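Bear in mind that the values in this text are calculations on the coordinates, not laboratory data. Since the structure is predicted, the reported quantities are computational estimates derived from the model, not experimental observations.
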Amino acid sequence: MNTILLLEDEATLRRSIQFKLEKEGYHVISCDTIQNARMQFKSAAIGLILCDIMLSDGSGLDFCAYIREELQNDVQFIFLTAMDTELDIVMGYETGADDYITKPFSLAILMSKINNIFKRIEKNSRSEAAEQKKAVKSGSLIYFPNEMQLFIGNQPVELTRNEYRLLQLFLNHPKQVLSKTQILEQMFDADGNFIDDNTVAVNILRLREKINDSEEKRIIKNIRGMGYVWDLEVE
């Protein structure tokens with residue numbers, strides 16, 4: 001369920017907004033002080049904050065700054081406030097607000113904005129999940145670049161960091177001859193130390209062994225005097 005933190009110290013308005021949000025299917029955590037809002041934010045998975053600026057125990061601008069700067073959290077943040085000068089609005093956005101709505105406002109328009117925000121969040125989450133699961137396929141090899149996982153058929157294959165770098169380089173440039181210099185440029189160890197030609201050859205040999213690169217039908221071919229080529233299509 002999508003959770004909204006509502007920080008508003010005017011009781012009647014707070015109840016009206018909460019009632020409307022819950023009717024739309026949202027879970028609402030209702031607060032009338034910044035102190036309470038801070039505690040609630042730390043203990044719950046909040047998708048959106050609706051916040052007044054003039055509050056009984058401080059400024060909503062300070063609460064927004066606390067979320068953005070101290071917690072470094074990018075939760076969606078909307079100010080709902082009677083402070084409607086150009087300077088007020090600019091300060092709200094500069095503090096880190098995603099939207100700034102001045103009172104009095106239409107509940108219908110507020111709901112429309114909130115619905116669009118959560119639709120966008122859901123869409124982005126689906127896109128990120130799909131990207132994380134996106135596989136690169138080449139022959140019987142299935143490689144998940146974001147997770148650095150390699151499978152041959154259904155069997156996982158363990159590679160070293162440099163072997164993963166080699167594999168990624170070849171899969172990014174299938175059917176293309178890569179010189180030793182090009183490979184060397186991609187292969188630095190964790191301390192930034194350059195790896196020599198012999199180490200490249202050793203890593204290619206080990207990668208060949210792990211991906212069942214047989215003599216009969218080479219996947220990684222050695223082009224004499226030029227370099228190496230990944231001789232399979234990649235999809």
- Message: Using only the alpha-carbon atoms, how far is helix 107-133 inclined from the longest principal axis of the chain? Give it as 0 to 90 degrees, nearest 10.
- Response: 20
- Query: Using all Cα-Cα distances in segment 43-106, what percent lands in each 5 angstrom bin from 0 up to the longest?
  - Reply: 4, 18, 31, 25, 15, 5, 1
- Message: Among the listed pairs K20/K42; K123/K180; K42/K103; K134/K180, which have their C-alpha atoms separated by more than 31 angstrom in this model?
- Response: K123/K180
- Cα axis of helix 34-43 to longest principal axis of the chain: angle in degrees, 0 to 90, nearest 10? 30
- Task: Let me have the relative contact order for segment 1-129, percent, based on Cα pairs under 8 Å that are six or more residues apart.
- Result: 21
- Query: Could you give the angle, 0 to 90 degrees to the nearest 10, between helix 86-95's Cα long axis and the longest principal axis of the Cα atoms of the chain?
  - Reply: 40
- Task: Express in whole angstrom the spacing between the alpha-carbon centres of segment 19-45 and segment 136-180.
- Result: 46
- Item | Descending principal axes extents, the chain, alpha-carbon based, whole Å | 79, 36, 30
- Item | Residue-averaged [θ]222 nm for the chain, counting only DSSP H segments that reach four residues, each worth -39500 (n - 2.57) | -13000 deg cm²/dmol
